[in-house]
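Reading through the structure tokens given below for one structure.
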């Protein structure tokens, strides 16, 4: 391994440490936010927003998605569409009422 | 027979097959947990008002917060073990991989105390809808932790990591692929923590 490559990895390690610190801080922030006096909808939005930021940091930096090849990005985009569809299936129950009469 | 393109990139995908394989597997895992998250939303919408909050209040937030920090730390040590191999430092790899295994073990121990605490108070998966989905989601996640520990343990032990002396690049790729799986397990917990313990 050349000196250049070694330095390149060292730069990456600095980024990993920063992300690690951010993840720890955001975890404590999630817990602190859960004690805030907000409506249930606001609490859900807040908790999921922080979780999404944390997940993006893990996926982007620890899993190297920000520098990953297009093939993987497209696979994940397709997966995300199916995931969203899966998450919205329960919403159908709001408009689908069985008639009891 | 050797599986082709496990170290070098395939010209058509621009990736080696190991990496493409793990990402397709992780996509299927997203759908596995996605289905269960969807079930959680469905059950929560159908539950009486306050039911999920009532049963959720029986869970230990300090224990779960500690476990979240442990899992995040394990992700950090996992990526450091891969970075150590990239810098050709095998001793550091062994140390960081050992720390990752230790974090995974601590996570399981805390989970053991959480589960036994519930059972001690007569709370089981059959106690309520919330507890049913709680034990299903955390149980499946725990199985993933155990699966990851088996793979990482194999690479940590001498018979698993002897490839480092013969094919260092291939061994580094193996650690990268195992790391991707491990970060995914961390990522799932990042969502499980707030929806089960805090909301």
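Laboratory data are not the source of any read-out in this text; all were calculated from the coordinates shown. Here the structure is a predicted model, which means the values were calculated and not measured. Quick reminder, even Gly has a Cβ in these numbers, built from the backbone with ideal geometry, and neighbours come from all protein chains shown.
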What do the square roots of 5 times the Cα gyration tensor eigenvalues come to for the protein assembly as shown, in whole Å, largest first, as semi-axes of the equivalent ellipsoid?
37, 22, 18
The range B:37-80, convex hull of Cα, quarter of hull surface, nm² -> 4.2
In degrees, nearest 10, range 0 to 90: what is the angle between the Cα axis of helix B:61-86 and the longest Cα principal axis of chain B?
10
Along the Cα→Cβ direction, 7 angstrom out, place labels at residue B:110 and residue A:70. What is the inter-label distance in nm?
4.2
Expected max-MSF residue from B:80, B:142, B:45 in the GNM of chain B (alpha carbon, under 10 Å) is B:45
If you count, for every residue in A:62-70, the Cβ atoms of partner chains within 10 Å of its Cβ, what is the mean?
5
Mean projected area (nm²) of the alpha-carbon convex hull when the range B:105-169 is viewed from all directions
5.7
In degrees, nearest 10, the alpha-carbon axis of helix B:168-192 is tilted away from the dominant principal axis of the alpha carbons of chain B by 10
Over all directions, chain A yields a Cα convex hull whose mean projected area in nm² is 10.3
Return the distance in nm (one decimal) between the two label points of a simple spin-label model at residue A:93 and residue A:12, each offset 7 Å from Cα along Cα→Cβ.
4.4
With bins 5 Å wide starting at 0, give me the P(r) of the range B:148-199 over every alpha carbon pair, in whole percents.
5, 18, 21, 18, 11, 9, 7, 6, 4, 1, 0
Quick one: helix A:40-57 against the long Cα principal axis of chain A, what's the angle to the nearest 10°, folded into 0 to 90?
30
Normalised radius of gyration for the range B:1-101, please: alpha carbon Rg relative to 2.2 N^0.38 Å, two decimal places.
1.62
Mind checking which of B:123, B:72, B:145 has the largest fluctuation in a GNM of chain B, springs on alpha carbons under 10 Å?
B:123
In cubic angstrom per residue, the convex hull of chain B built on its Cα atoms measures 133
Rounded to the nearest Å, the spacing of the alpha-carbon centers of the range B:73-92 and the range B:122-175 is 18
Name the most mobile residue of B:116, B:138, B:13, meaning the one with the largest mean-square fluctuation, in a Gaussian network model of chain B with Cα contacts below 10 Å.
B:13
Would you compute, from DSSP H runs of 4+ residues alone, the mean residue ellipticity of the protein assembly as shown at 222 nm, taking -39500 (n - 2.57) per run and dividing by the full residue count, rounded to the nearest 500?
-26000 deg cm²/dmol
